[in-house]
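Just below is one structure, and these are the notes that go with it.
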Amino acid sequence: MSVRREPDRIVLDGACPVEDAETLAALLLAEPGLPVDWTACGRLHTAVVQVLLRLAPPLPGPCGDPFVARWLGSLAKQGTPDGAVD
Amino acid sequence: MNDLVEPFVAEARELIQAATDDLLALEAAPGDGAAVNRVFRGFHTLKGSVGLFDWPPLLAVLHAAEESLSAARAGARAVDPGLIDLCLETLDAVARCTEAIAGSGDLPAGFSGEAARLVARHGGPSAPPEPGPASAPEAGPVPDWATAFAAASGDAAAGLARVAVRYRPRADCFFAGDDPLGLVRRLPGLTALDLAPAEPWPAPDLADVFACNLVVTLLTTDSREAVDEVFRLVRDQATIVTLPAASAAAPSDEPAGEPAAAPRSLRVDAARIDDLAALVGELVVARNGLAHLAARAGEAGAEAGFARALRETDARLGRLAGALHREVGALRLLPLERIFRRFARPVREIARGLGKEVALTTAGGGTGADRAVVEGLFEPLLHVIRNAVDHGIEPAGERRRAGKPEAGRIALTAERRGGTITVSVADDGRGIDPERVRRRARERGLLPPERLAAMDEAALLDLIFAPGFSTAERVGDLSGRGVGLDAVRTALARLGGRVAVETRAGAGTTFRLVLPPTVALSRLLLVEAGGETYGLPIEAVTGIVRVARDRLSALGSGRATILRGRTVPVIGLAARLGLPAGAPAADATLVVLAGGIAVEVERVRGHLDTAVRPPSGLLAALPDVAGTTVLGDGRVLVVLDPSALEEGER
């Protein structure tokens, strides 16, 4: 499983295929504002990126997917705990 | 240049030349129906090639010309000097486009106007061809979004960018298996990327997690061709804009445009490679002459040191000549991948036009074949694939009822077996019903009814390749117009190959296109029969055994023996070739072939590496001959075809 719930955060581990979007969204909708640790993730599918863009969780640390880190690092800046969806 | 464009240009030049020749022949003999057909096919093929790209005006011109010629073919339009002049003018315009495409990758500026005039003179658009994607391929004004995005991205990003893209994936694209950012990842020259919601986000809800609501805007230094290639399958969702060089902030961007790592290549006329290959073949044969001399020097009692030196020199020359032959041979080889990849788009378009879903898979694309064969294979293969989409794969409803997945599958596979390459097109469709073939052949009057009634399944299936079997007169963008499977068989025969079909009712149909063996350096086993020496390709030989004559027993009309517990038919080579057999030795020498038969020879004389030429002249008519080569002492050696020997035995 590439999406994992830990006590204080959600961890994306390894490549995150399209199905992970649903798991990730479900976890974030259940607990808005929970940080997502994407430092160990691999290639993110667009659907997963879309969930991060839409639900804007805090994203501490650099993204493990170099493409996303290079081009979509701004996702991290917009995500603040207050930015979580209500 | 886009690697799809390059083969197109080469092919288009040839087709234009051939169509010009055919038009001139038609002018000389206006009543010649075959000439009208040839000209029509020339334009049809050109249109098929252009249809792989997004050049709507060019496609429209060729479609209009094809309509005119179709009318001429049907007798509805006179083949007069006016038509021939118009067609030649059309070819001139197509030739100009081809050269512009070769230079810039796109149609010449202002071609649309000329195209419209030509279409009108051909009688106006009748069935308009595919409208093409929304984006205008001709350089037009740069849209505001691109200008604004370039400005917002800053000089560093915008300065070198050559292409801007706005890509709005369809909402259901995730379900179709698309990964839109995955396409963007394939642009090495990306300089700016923006990802934004296409519409304001609705209230968060799990239900629409898989609805894509994104718009991707980007700048890249990749060439227009490379960008077009990346977004090829989603052209309806992407707007691609070539940025004018003037907008580049850095004035010296041109030299920096191409990365230094570009592959170094040299274009050489294929005829010169052929000449080179022929010369290397001669060299290999000449070296065999030296081998012969070296052997004689040993036998004639020449000074031992001299004979050994000669043998060593000969061995070195042999290695070098062999390596040279392989290298030159490889120059002539082109991976089949080059044409395999060109089928994805037509399959998608044809399937979409028919409301079907078809997945094309390819395997063995790395298999190399002679350049001329690869290029000549495109058209017949496209035809077979089109046929599979159209007639093989059933509509989704019918597939569901048959318990098959809704999406049909077509597998395009190349494999090398022995010296030959087989390209197969296998669909998982309904199969061909031999009884329907029989009915259709009767309706078309292809053969007398009593002959049809007596035919077995294999013979019936073969009728689908008969001229006049397919006369479907549907007029569409790329679909058949009575250019039937007979054209496939003719094309393969021209290449020196053949085509066959296998089918299973309800399970699918496989077309096998067998390509001619390439002229290659072969290792031959030299055998003697009837006092003559013959060559057998060593790859077809699994063993040589000597058996006592009393272990050969009569089997039917021939003979057989037991080898490793299996019954193996034995054919006497001398008798088979109609030569007088020598006095039988106590033991029989048998060469066992991979096909499971044994050939009795009088003597095995060793082996020889040599370039085998395809049979020509009188030899070509002999059934068991695969080719010839020249021996070291100047004699011609006939090389036998093991598969023909095996077939003859069955």
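The values are calculated or read from the model by the stated rules, or taken from the named source; none is laboratory data. Just so you know, these numbers come straight off a predicted model, no measurement behind them. Neighbour counts are summed over all protein chains in view; Cβ atoms, including those assigned to glycine, are modelled from backbone coordinates with ideal geometry. These accessible areas exclude ligands, DNA and RNA; they are computed on the full protein's heavy atoms, side chains included. Shrake-Rupley method; radii C 1.70, N 1.55, O 1.52, S 1.80 Å.
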**OP:** Output the direction-averaged projected area (hull surface divided by four) of the convex hull of the alpha-carbon atoms of the stretch B:271-332, in nm².
**Re:** 3.8 nm²
Original post:
Which whole-number percentage describes the relative contact order of chain B, with Cα contacts under 8 Å and a sequence gap of 6 or more?
Top reply: 9 percent
Subject >> Accessible surface, chain B, averaged per residue in Å² (probe 1.4 Å) >> reply: 49 Å²
Original post:
How much accessible surface does B:Val347 have with a 1.4 Å probe, in Å² rounded to 10?
Top reply: 0 Å²
Subject >> Kirkwood Rh (inverse of mean 1/r, distinct Cα pairs), the stretch B:5-121, angstrom >> reply: 14.1 Å
Subject >> Value at 222 nm in deg cm²/dmol, rounded to 500, when DSSP H runs of n ≥ 4 in the protein assembly as shown each add -39,500 (n - 2.57) >> reply: -12500 deg cm²/dmol
Original post:
At a 1.4 Å probe radius, carbon and sulfur cover how many percent of the accessible area of the stretch B:5-121?
Top reply: 55 percent
Original post:
Could you sort A:Leu52, B:Leu552 by accessible area so the largest value comes first, with the probe set to 1.4 Å?
Top reply: B:Leu552, A:Leu52
Subject >> Calculated P(r) of the protein assembly as shown - Cα pairs past 51 Å, % >> reply: 32 percent
**OP:** Can you send over the solvent-accessible area of B:Arg438, 1.4 Å probe, protein chains only, in Å² to the nearest 10?
**Re:** 30 Å²
**OP:** Give me the accessible area of B:Asp427, 1.4 Å probe, in Å² rounded to the nearest 10.
**Re:** 10 Å²
Original post:
In what sequence, largest accessible area first, do B:His292, B:His391, B:His325 appear using a 1.4 Å probe?
Top reply: B:His391, B:His292, B:His325
**OP:** Quick one: work out the % antiparallel among DSSP beta bridges in the protein assembly as shown, nearest 5.
**Re:** 85 percent
Original post:
With the Cα gyration tensor of chain B giving a ≥ b ≥ c as the square roots of its eigenvalues, does the rule (a/c under 1.5 for rounded; else a/b larger than b/c for prolate; else oblate) give rounded, prolate or oblate?
Top reply: prolate
Original post:
Quick one: which bits of the stretch A:49-69 get at least 50 Å² less accessible when the partner protein chains are in, versus the chain alone, with a 1.4 Å probe?
Top reply: A:Gln50, A:Leu53, A:Arg54, A:Phe67
Subject >> Between A and B, accessible area buried - total, square angstrom, nearest 100, 1.4 angstrom probe >> reply: 2200 Å²
Original post:
Using the Karplus equation 6.51 cos²θ - 1.76 cosθ + 1.60 (θ = phi - 60°), what ³J(HN,Hα) coupling, rounded to whole Hz, does each residue of the stretch B:199-204 give in order, writing x for Gly and Pro?
Top reply: 10, x, 4, x, 4, x
Original post:
How many Å² of accessible area per residue for chain A, probe 1.4 Å?
Top reply: 44 Å²
**OP:** With unit charges on the beta carbon (Lys/Arg positive, Asp/Glu negative), name the residue among B:Leu640, B:Leu317, B:Val545 whose Cα is farthest towards the positive pole of the charge dipole of the protein assembly as shown.
**Re:** B:Val545
Subject >> Partner chain coverage, peptide B:204-212 - average Cβ within 10 angstrom >> reply: 5
**OP:** Assign one of three labels to the stretch A:3-79, namely rounded, prolate or oblate, based on the Cα gyration tensor with a ≥ b ≥ c the square roots of its eigenvalues; rounded applies when a/c is under 1.5, prolate when it is not and a/b is larger than b/c, and oblate otherwise.
**Re:** rounded
Original post:
Which residues make up the longest stretch of chain B clear of GluC sites (Glu not before Pro) that lie in a DSSP loop with no more than 13 other Cβ atoms within 10 Å, not counting the sites?
Top reply: B:1-302
Original post:
Given just the C-alpha atoms of the stretch B:521-649, how large is their convex hull per residue in cubic angstrom?
Top reply: 109 Å³
Original post:
Among B:Thr20, B:Thr242, what's the order by accessible area (1.4 angstrom probe), most exposed first?
Top reply: B:Thr242, B:Thr20
**OP:** Give the shape of the stretch B:355-515 as rounded, prolate or oblate, defined through the alpha-carbon gyration tensor: a ≥ b ≥ c are the square roots of its eigenvalues, a/c under 1.5 means rounded, and otherwise the shape is prolate if a/b is larger than b/c and oblate if not.
**Re:** oblate
**OP:** Whenever you get a sec, compute what percent of the accessible area on the stretch B:254-410 sits on carbon and sulfur atoms (1.4 Å probe).
**Re:** 56 percent
